[in-house]
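Heads up: the structure comes next, in structure tokens.
Readers should treat all values here as calculations from the given coordinates under stated rules, not as data from a laboratory. Values in this document were obtained by computation on a predicted structure and should not be read as measured data. Every residue, glycine among them, receives a Cβ derived from its backbone with ideal geometry; neighbour counts consider all protein chains shown.
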Amino acid sequence: MRIQGIEYEELARRFGTPLYVYDGEVLTAAITGLRQVLHPAVEVFYSLKANPNISVFDVLRAGGARAEVSSLVELRTALAAGAPPEDIIFLGPGKSERELIACLESGVHAIVCESFDELDDIEHLAAERGLRQRVLLRVNPECAIGGSRLTMGGKPRQFGIDEAQVLAAGNLAKKYRYADVAGVHVYLGTRILDAEVVGRNTRYILDLADRVAHSTGIRLDTVDIGGGLGVAYFEGERDIDPAEVAAQVNPLVAAFTAEHPGTRLIMESGRYLAGRAGVYLLGVRYVKESMGERFAIADGGTHHHMAAVGIGSFVKRNFPAALLSRRAQEAADVGEDESWNVTGPLCTPNDSVLKHASLPALVPGDLVGIQCSGAYGPSASPGLFLSHGFPAEVLVVDGAAHLVRSRDEPEDLMRPQYLYRRGAAADKESEF
Ligand SMILES: *Cc1c(COP(=O)(O)O)cnc(C)c1O
């Protein structure tokens, strides 16, 4: 019922619920554990998409993570946390001109380019500024490698450029002067729980990088081997073992670096680094029975944790969850777990966080924690649905709890809206 010695009840009292709580020790263990076993030539880039909180990133950065960003705010977050530009890459299929200019002006290590049109844009924008910008080509691979929950390769995709088109593109090193095409990026899927799949992906990508370099004449300053390491959410799943990943990847990397001693090798990871560090803490408001089933209606729901609705599956499976209030101990003494539906405050039947979950008898005021919720939580959820706004986020480091994002207040949600007035000049900013 504690996190680094602090009672969850105390966190709920201090910061209110619903609340996301991140454990800095778990974040640090994830990044350092991965880096310790991987070949030293492999640099781990944290995908801020998974959890863009600046303090979460800062803890990972302190553990040696670099940054993979995909928006202006993610870029600013990484820079504000102190990531050096040479340890940042920017990726995404539809970058705006503003984002590309921000990349050029901040001097990121590389822009991961996802189309030939984008490559032309980078060339023009860099030329205008007299800059030479390193670009990695994101390749949509010909083959699909099974084993991930969301397979990327071998399908028509908006991401990257098809392998065949890249290989037929001619001499890209000569064609572009300001866009310094000097590397390859491939991302083959997410939620991979089998280290052998990571090994097969890596082998394919390193080989593809060589083929691309050969046919397009580009240098290989950097090869991004993707990642997609998973964490276990559901019964029967097991976390991917970093030692097994290393056993697969390290020999391939050793062989590759022997031939390409100066090449930076990047592994990207979001979910694996952040996922296990987060708990979504809900306060139970009401309990009731309906047609023989028990419902605990909580103060938080799927608007903060869309993934809990059931990811990659038509059958709703529960995230791991536990009763985290002090009463839990008493409850454990009292008796058997019961079957509970834990739902939120939204006016939709989809707002179901847990279905038929085994929990002790719940009463109003109890705290339920949805575990393994550090990745793809609030930022991947419809926080504005029913205008509840986003929850507060707390990071626990060295036994102390820090507020790292404040809860949206009604004023925060009202502020960006304007009440139009019939007859007022259409382009005049209204006062609210
Ligand atoms: C989403 C994404 C990641 C992060 O994926 P995880 O499964 O969270 O590690 C990395 N790279 C790319 C290109 C992505 O789109």
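Cα-Cα pairs above 17 Å in segment 115-223: how many percent? Cα-Cα pairs in segment 115-223 separated by more than 17 Å: 54 percent.
Note on the chain: with a GNM built from Cα contacts shorter than 10 Å, the maximum mean-square fluctuation among LEU273, LEU281, LEU346 falls on LEU346.
Determine, from the Cβ-Cβ distance of MET1 and SER290 and an R0 of 25 Å, the FRET efficiency 1/(1 + (r/R0)^6), rounded to the nearest 0.05.
Numbers: r = 29 Å, r/R0 = 1.16.
FRET efficiency, MET1 to SER290: 0.30.
Could you tell me the ratio Rg/Rh of the chain? Both radii from Cα atoms, Rh via Kirkwood. All intermediate terms of the calculation are to be shown ahead of the outcome.
Numbers: Rg = 23.6 Å, Rh = 23.3 Å.
Ratio of gyration radius to Kirkwood radius for the chain: 1.01.
Would you mind working out the magnitude of the charge dipole of segment 221-374 relative to its Cα centre, with +1 at each Lys and Arg C-beta and -1 at each Asp and Glu C-beta, to the nearest 20 Debye?
On the way: 12 positive and 19 negative charges, 76 e Å.
Roughly 360 debye, rounded to the nearest 20.
Both radii come from the Cα set of segment 276-414: Rg as radius of gyration, Rh as Kirkwood radius; their ratio Rg/Rh reads 0.96. Centroid-to-centroid, using Cα positions, segment 167-191 and segment 3-27 are 44 Å apart.
Only Lys, Arg, Asp and Glu carry charge here, each on its Cβ (+1 for the first two, -1 for the last two); on that basis segment 84-269 has a dipole of about 360 debye about its Cα centre.
Using a Förster distance of 30 Å, how high is the FRET efficiency between ARG13 and THR348, based on the Cβ-Cβ distance and rounded to 0.05? Show your work: numbers first, answer last.
Working: r = 30 Å, r/R0 = 0.99.
FRET efficiency, ARG13 to THR348: 0.50.
Putting +1 on Lys and Arg Cβ atoms and -1 on Asp and Glu Cβ atoms, find which of GLN371, GLY5, ALA254 reaches farthest to the positive end of the dipole of the chain. Highest projection toward the positive end goes to ALA254.
Answer with one residue from ALA243, VAL181, ALA195: the one whose Cα lies farthest towards the positive end of the charge dipole of segment 138-260, charges on Cβ with Lys, Arg +1 and Asp, Glu -1. Towards the positive end, the residue furthest out is VAL181. Counted by Cβ distance under 15 Å from GLY300, the other residues give a net charge of -2, where Lys and Arg count +1 and Asp and Glu count -1.
Take peptides 3-11, 230-238, 288-296 and line them up by average Cβ neighbours within 10 Å, highest first, as a rough protection proxy.
3-11, 230-238, 288-296
Provide the packing ranking of 72-78, 46-52, i.e. peptides ordered by the mean count of other C-beta atoms within 10 Å per residue, highest first. Show your work: numbers first, answer last.
On the way: 72-78: 19.9, 46-52: 25.4.
Result, highest mean Cβ count within 10 Å first: 46-52, 72-78.
About its Cα centre, what dipole magnitude does the chain give when the only charges are +1 on Lys and Arg Cβ and -1 on Asp and Glu Cβ, stated in debye to the nearest 20?
Details: 43 positive and 57 negative charges, 95 e Å.
The calculated dipole for the chain is roughly 460 debye.
Once a ≥ b ≥ c are taken as the square roots of the eigenvalues of the Cα gyration tensor of segment 1-104, is the result rounded (a/c under 1.5), prolate (a/b larger than b/c) or oblate (a/b not larger than b/c)? Judged from the Cα gyration tensor, segment 1-104 comes out oblate (a/c at least 1.5, b/c at or above a/b). Membrane-span-like helices of the chain, defined as complete DSSP H segments with a Cα extent of 15 Å or more along the helix axis and a mean Kyte hydropathy of at least -0.5, are identified as 24-37, 116-128, 195-216, 242-259. For the chain, build the charge dipole from Cβ charges (+1 Lys, Arg; -1 Asp, Glu) around the Cα centre, then report which of HIS303, ASN341, ALA62 sits farthest towards its positive end. Going by the Cα projections, it comes out as HIS303. Listed by chain and number, the lysines whose C-alpha is less than 30 Å from the C-alpha of LYS49, apart from same-chain residues fewer than 8 away, are LYS95, LYS155, LYS316, LYS355.
Cα centroids of segment 351-429 and segment 248-263: 44 Å apart.
Here LYS175 is the anchor, and the aspartates and glutamates within straight C-alpha reach of less than 20 Å, apart from those fewer than 8 places off in the same chain, are GLU114, ASP117, GLU118, ASP120, ASP121, GLU123, GLU128, ASP162, GLU163, ASP210, ASP221.
Give me Rg/Rg_expected for segment 84-269, where Rg uses Cα atoms only and Rg_expected = 2.2 N^0.38 Å with N residues.
Working: Rg = 16.6 Å, N = 186, 2.2 N^0.38 = 16.0 Å.
In units of the globular-protein estimate, segment 84-269 measures up at 1.03.
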